[in-house]
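Report on the structure given below.
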Amino acid sequence: MDVMDQAIENETVVQGVALSGGCSVAKVCRFNERRHENLPMFHLDQDGVEREHGRVDRAIDVVDTHLETIRKRVETEVGKAEAEIFVAHRMILKDPDVVHRIHDFIDTHSMNAEASVAQAFDYYESRLLKLESEVFRDRANDIGEVKHRLLDVLSDLQPTLQCQGEAHCQRGRNRIVVADELTPAMTVDLDASGILGFITRRGGVNSHGAILARALGIPAISGVGDLMDRLPCGTEVLVNGGTGSVVIWPLPETIAKAGNCRREAIVQVEVVEPIAAYRVLANVNTLADLEPALAMKAEGIGLYRTEIEVIAAGRYFSEDEWTDRMVRMVRAMQGKPVTIRLLDVGSDKTLPFMDIPPEENPSLGWRGLRLLLGRPELLGVQARALARASMHGPVNVLYPMVVDVDQFREGRRLFDEAIRGCPSGTLRHGVMFEVPSACLAADALLDVADFGSIGTNDLLQYFFAVDRDNERVAYDYHANRPVFWNLIRSIVDEARRRGKTVSVCGELAGDPDQVGRLYQAGIRDVSVSARRIPAIRTAYGALNKPRENQPGGNAA
């Protein structure tokens, strides 16, 4: 049956997995990822063998030059950490084993360059796809991306939109791109300024394509399955990266209810001045996020996710490298709060160089502070860098995935042991409330911690036993339950009794529709992506709430 015969004609909601936040409404354009299906593949005579070796070498040189050009552009326009993605792609391209396998296939099978490139990359890609780790599957995505770049050069093709003849798919027009998988090429080669969202069949939250989408502020959703085959070009869809839902042919009232869904690419976000009673800080993934945070008048850094740059770079940083990053953040904020979370890896953020054995259920396994206690050398490097950075201004240290007070105390002990003899300034130590056991022990934890931060993304997942990356149950991943808000208020109450502060730093904090609920629960500090700061301040301004400062309201 033809795709058009199966096309959805009425408003339909499909639940997927959120890769990048935000909300957009636009018409669908399909990415032409099958452009290599009919490549020429043929046997060679002896003269042809030498010719194909030369074609491969020249193609590698062309792609290498192109990747370096992209790297420089991404570093300038997005950030250094995101640019490291293309350094990794260059390493794959020039990997001796890969190059040898291509040339060996030409020699032993007398096959042309296109066939040999496809065979070599398919071999390594298939090996990674057989592994259970999502990280390795995401790296298979990178191998496939490099393969497509080589085949494009060999065949004189380029990444395009399958329905580019349609008016809404022309360059400069706003559209939502549909594809099997979100790749870096889709974000950097397709005129990202006109892309309002991505919908993909598969793809992990830590894939390089997802990292770039988040850095660019483009909503993205994966895990939509057969929906891919029922979205012909021109279908209007609403992509909600906050809930992970896709609405096909959304009704006007649905769009209005979603709120803040953009229909045009944002060129410039209007700055909204800070409001004393509801402080909005910025989430920072990389150093590149500092500039927009300052431009939006963020009242500090509420969460620096240190693991994001490590994921993008594919290696752990040295003490000096960490210090450089942290010092630059402290200096940039000029006395405003700077909260830096210790490395939060494990579960969906496992890295090959971490040498972490596969686990049956990594979300409940060796991750967060639990992992750092088992790998104290990782904690120690960051601890010393944080101590050195605190010489330039106060630093809040945030401990991820804390389970109970004993675990937090052990983390503090290892931190203090690591910085013994190291000059330091003001360091405050805080707890991430994202595990139910920690929330229920908020009194004991806030007796010893200096502050708290509620990570609603993981807390919702663990509190309601719902895997947010599983499209089958993602419908249950929401905060619209009184018991959840009672839990938030109980944590805030314990903090106020001790004269301490608690902020919220998850996706919930960046949702304008939740500002009222957060305020009623006693939250006065939130941390959101820089682009969300104006919307959150505007939403607070619309509330019929007194704006004077509340006891325990402001995080130090």
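Only the coordinates and a few stated rules stand behind these numbers; no lab work does. The shown structure was predicted, so the numbers you read here are calculated from the model rather than taken from an experiment. Here the Cβ positions follow ideal geometry from the backbone for every residue, glycine too, while neighbour counts run over all protein chains shown.
The angle between the Cα long axis of helix 80-93 and the main principal axis of the chain comes to about 30°, on a 0 to 90 degree scale. By DSSP, the beta bridges lying fully in the chain are antiparallel in about 35 percent of cases. At full extension, Thr69 and Gln520 could sit 157.4 nm farther apart than now, given 0.36 nm per residue minus the alpha carbon distance. Taking label points 7 Å from Cα along the Cα-to-Cβ direction, Trp249 and Thr108 give a separation of 5.4 nm.
Ranking Gln407, Asn361, Ser453 by Cα position along the charge dipole of segment 279-541, where only Lys, Arg, Asp and Glu carry charges on their C-beta atoms, puts Ser453 farthest toward the positive end.
In the chain, Rg over Rh equals 0.99, where Rg is the alpha-carbon radius of gyration and Rh the Kirkwood radius from pairwise Cα distances. A cut-off of 5 Å between modelled amide H atoms, ignoring neighbours fewer than 5 places along the same chain, links Tyr304 with Val284, Thr339, Ile340, Arg341.
Using 0.36 nm per residue of separation minus the Cα-Cα distance, give me the extension gain between His100 and His478 in nm, one decimal. The span from His100 to His478 would gain 131.1 nm if fully extended. Comparing segment 279-541 with the 2.2 N^0.38 Å rule of thumb, its C-alpha radius of gyration ratio is 0.95 (two decimals). For Asp493 and Asp61, FRET efficiency with R0 = 60 Å and r from the beta-carbon atoms, rounded to 0.05? Here the calculated transfer efficiency is 0.40. Distance between the pseudo-spin-label points of Asp406 and Arg375 (7 Å out from Cα toward the beta carbon): 2.5 nm. Computed about the Cα centre, the dipole magnitude for the chain is approximately 2420 debye when only Lys and Arg (+1) and Asp and Glu (-1) carry charge, each at its Cβ. Charged side chains reduced to their Cβ positions (Lys and Arg at +1, Asp and Glu at -1) give segment 1-132 a dipole of some 420 debye around its Cα centre.
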